[in-house]
Amino acid sequence: MTGSDVLIVGSGAAGLTAALNLADRFKVTVLAKGALNEGSTAWAQGGIAAVLEPGDTFEHHVEDTMVAGAGLNDRAIVELVVERAPAAIERLRALGVPFAEEKGALHLTREGGHSHRRIVHVADATGWAVQEALQRAAEAHPNITLVPDQVAIDLATSRHEERYSGAGNVWGVYAIDRRSGRVALHTARATILATGGAGRTYLFSTAPRGATGDGIAMAWRAGARVANMEFMQFHPTCLYHLEVKNFLITEAVRGEGGRLINPTTGKRFMPYYDAERLELAPRDVVARAIDAEIKRYGLDFVHLDISHMPADFVRGHFPNIYEKLKGLGIDMTVAPIPVVPAQHYTCGGIMVDRDGRTDLPGLYAAGECTQSGLHGANRLASNSLLECFVFGEAAARDIAARWDTLPDVPAIRAWDESRVTDSDEEVVIKQNWTEIRRFMWNYVGIVRTTKRLERARHRIDLLRSEIEDYYGHFRVTPDLIELRNLLQTADLIVRSALHRHESRGLHYTLDYPELSDPPVDTVLVP
Ligand code: FAD
Ligand code: SIN
C-alpha cells in the first residue's frame, strides 16, 4: 500500500496542472497507465483558445462556445473558463511553453466555430510542448511523485473499508503495476481523476490507444453520475491512409485557407452545406458534410487542399504535418491530402461542479473525463486543453480550501486475488475489443437511428455477461481492465443516445431530426 495526501490518476494537462497547484502544500502522487506522455495532451496539434486579440472579447468567445455547443452549455461555466484563459496562457509561458510569435506578439490562428483569431499554438505540435513543460515542472518538484505504468482498476471506496462506514467516500485507487503484474492500493484523502477521454470505444479515432474511458467507468461503478455521453465529437479531417490510421490533420489547416474538395467532382462542397462559414463551420457540421459526400458518391475519402497557399507558408505553419505526410509520399504544398472523419473528443463524462467536485466525497475530476458544462452538445475547437488548465487548478484550490475537513484514510482492504486464476484464453479480450469498436463505429457514429442504437445495445448486453464472467474468474491484466471499461463507456454512450429524442450538436439521428425545447442534459444515475 502506498499513501499520499492527494492522488491524481492521469499525467496529461489536467492531472499535471492539478499536481503543480497542490504540490507546494501537499504530497502528491500522479499515476499514469503507460509512459507519462502517452495521453491525448501530447498529441494536441491546433492549440489553446484565449481572447488575446484587441478586436476580440470574452463575450465573443462565450458566444462562439455556446453556438458550437448548440445551447446546451452551462453559460456560467463557459464564462468562468473563457475569463481564466489569458491567465492560463501566461502561466504556461512562465513554465517555458514556446508559443509561436509574430512581430513580438503571440501568433493567433483560426479554427472552426471561432469568430476571431484566438488560438495560441506551438506550430502544429502544441500539445507536445505543453506536456513537456508541465512534466518538466512536475519532475522538478520535490512533493510530486510521478509513477508511470500503473493501470487503475477501480476506486477504493467506503465499501472497501475494513469496517464499512457507509459514508460513500473515495480513498484512492487499486492499480496494477504493468511490470510486476501486482495490484497495489494507493490511498489518499483526496483523489482526482484526470484520465482523459473514451475515443478508443470507436474503430477510428484520433485519440491515443489508452483513451478507453477508464476514469468515467470507474467513477460510474463507484456511484457518480455521468452526463451527455452521446456527444462524441468526430474530427472532420483525419488522414486517410491504409497503414497510418489515426493521424490528425489539424483544423488550423482549414483555418489558414485549406479547402475541402470532392475528389470525384473536383468541386469544393462546403458551400452547399454551410454557405456562410464554409470549412470553418463547427465540427459537427463539417464532419456530417464529409460523411454525406462520402456516402453519396461512394468515396473512401475527401480531399483537404491547401496547395494554393505559398509552399513556405504551409511548411512554416505545419512543419510536423508536412514532414509526416512527406514520409508517406504526400507533399501537401502541391497535392491535396486524403481525409476522413474520425472520433476525436468525448464531450460528456463524470459530472463535476465549478470546483471539479464529483458526486462522491473525496473524489474530484478534471479534463476530458468530465462533463463540466463547458462544451454542451459539441466542443468548440481548442477549448479542451483550456478546460484542463482551469479545472485542474480549480480542483486543487478546492482540495486546499477543504483540507482540514477531509477525513483521514481508514483501514482499507487489500486487493483480493485468492479466488482467481490466470486467463487461459487471451483471444477473448482481443475479439471483444474489436467487436465493440466496430459496432460503435457502424451503429453509434456520425448519423444515428434508433434501430442502429438498439442493435448496439443488444450487442452490449450480450458482451456484458461474458466480460464480467471473465473479470470475475481470471487475474486482471491491463487489457482486461481496458476492455471492461470500453464496454462500460459504450453502454453509457448508447444509453444516452437512446435517451435523446432530438438532433442536437453531435447527436444527429434520422428518427428525431428536429431540436426540442428546452435544451436538457442527459444525466445517467448509477
Ligand atoms: P490526457 O492528456 O488524455 O491524459 C490522460 C492520462 O490519464 C494519461 O496520463 C493516462 O495514462 C492516464 N490514465 C488513463 N486511464 C488510466 C488508468 N486506468 N490508470 C492510470 N492512468 C490512467 N484540444 C485542444 O484544446 N487543442 C488541440 O489542439 C487539440 N488537439 C488534439 C489533437 C488530437 C490528436 C487529440 C486526440 C486531441 C486533441 N485535443 C485538443 C483534445 C485534448 O488534447 C484533450 O482533450 C486533452 O489533452 C485531455 O487532457 P487530459 O489531461 O484530460 O487527458
Ligand atoms: C485540431 O488541431 O484540429 C484539434 C483541435 C482540437 O481538437 O481542439
Peptides ranked, highest mean first, by Cβ atoms within 10 Å: ranges 354-366, 134-146, 462-474: 354-366, 134-146, 462-474
Sequence-separation-based contact order of the stretch 87-228, relative, with Cα cut under 8 Å and 6+ spacing, percent: 13
Heavy-atom accessible surface of the stretch 93-193: percent carbon and sulfur, 1.4 Å: 48
Simple Cβ-charge dipole of the stretch 37-130, Lys/Arg +1 and Asp/Glu -1, about Cα centre, in debye nearest 20: 180
Amide H contacts under 5 Å for M351, placed H, 5+ residues apart: R225, V226, A227, Q371
The stretch 338-443, accessible area per residue, ligands and nucleic acids excluded (1.4 Å, Å²): 38
Most positive-pole-ward Cα, G329, H375, G348, against dipole of the stretch 316-394 from beta carbon charges: G329
Share of carbon and sulfur in the accessible heavy-atom surface of the stretch 262-303 [1.4 Å probe, %]: 49
DSSP-loop trypsin sites (Lys or Arg not before Pro) across the stretch 1-47, with at most 16 other Cβ within 10 angstrom: R25, K27
Contact order normalised by residue count of the chain, Cα under 8 Å, 6+ apart, percent: 22
Probe 1.4 Å - accessible area at T477, Å² to nearest ten: 40
Amide proton proximity set for R448, modelled H, under 5 Å, gap of 5+: Y508, T509, L510
Whole-Å distance, taken between Cα centres, linking the stretch 337-377 and the stretch 141-187: 22
For the chain, with +1 on Lys and Arg beta carbons and -1 on Asp and Glu, the positive-most of V523, N485, A100 along the dipole: N485
Residues with amide H under 5 Å from that of I153, placed H, sequence gap 5 or more: Y174, A175, I176
Magnitude of the charge dipole, the stretch 234-373, Cβ model with Lys/Arg +1 and Asp/Glu -1, debye to 20: 280
Those chymotrypsin sites (Phe, Trp or Tyr not before Pro) in the stretch 407-459 that DSSP places in a loop and that have at most 15 other beta carbons within 10 Å: none
Part-to-part distance (alpha-carbon centres) for the stretch 393-434 and the stretch 492-511, which is given in Å: 31
Solvent-accessible area, 1.4 Å probe, carbon plus sulfur percent, for the stretch 332-386: 52
Cross-link pairs K295/K430; K33/K451; K33/K430 - those with Cα-Cα distance over 25 Å: K295/K430; K33/K451
Ordering of 515-526, 84-95, 13-24 by packing [mean C-beta count within 10 Å, highest first]: 13-24, 84-95, 515-526
9 Å beta-carbon shell around V151, net charge (K/R +1, D/E -1): -2
Only Lys, Arg (+1) and Asp, Glu (-1) charged, at Cβ; the chain dipole about Cα centre in debye: 520
For the chain, with +1 on Lys and Arg beta carbons and -1 on Asp and Glu, the positive-most of L260, A32, S384 along the dipole: L260
Positive minus negative residues near R413 (Lys, Arg vs Asp, Glu; Cβ under 11 Å): -1
Sparse-neighbour loop sites [GluC sites (Glu not before Pro); the stretch 208-260; at most 14 other C-beta within 10 Å; DSSP]: E243
DSSP beta bridges in the chain [antiparallel fraction, %, rounded to 5]: 65
Cα centroid of the stretch 8-56 to Cα centroid of the stretch 231-304, whole Å: 29
Under the Karplus curve 6.51 cos²θ - 1.76 cosθ + 1.60, θ = phi - 60°, whole-Hz ³J(HN,Hα) for the stretch 405-418, x wherever Gly or Pro sits: 9, 6, x, 5, 6, x, 6, 10, 5, 6, 5, 9, 10, 5
Mean residue ellipticity (222 nm) of the chain, computed from DSSP H runs ≥ 4 via -39,500 (n - 2.57), nearest 500: -11500 deg cm²/dmol
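The values are calculated or read from the model by the stated rules, or taken from the named source; none is laboratory data. This one's a predicted model, so the numbers in the text were calculated from it and none came from an experiment. Methodologically, a virtual Cβ is constructed for each residue, glycine included, from the backbone with ideal geometry; neighbour enumeration extends over all protein chains shown. What goes into the accessible areas is simple: the full protein's heavy atoms, side chains included, and nothing from ligands, DNA or RNA. Shrake-Rupley method; radii C 1.70, N 1.55, O 1.52, S 1.80 Å.
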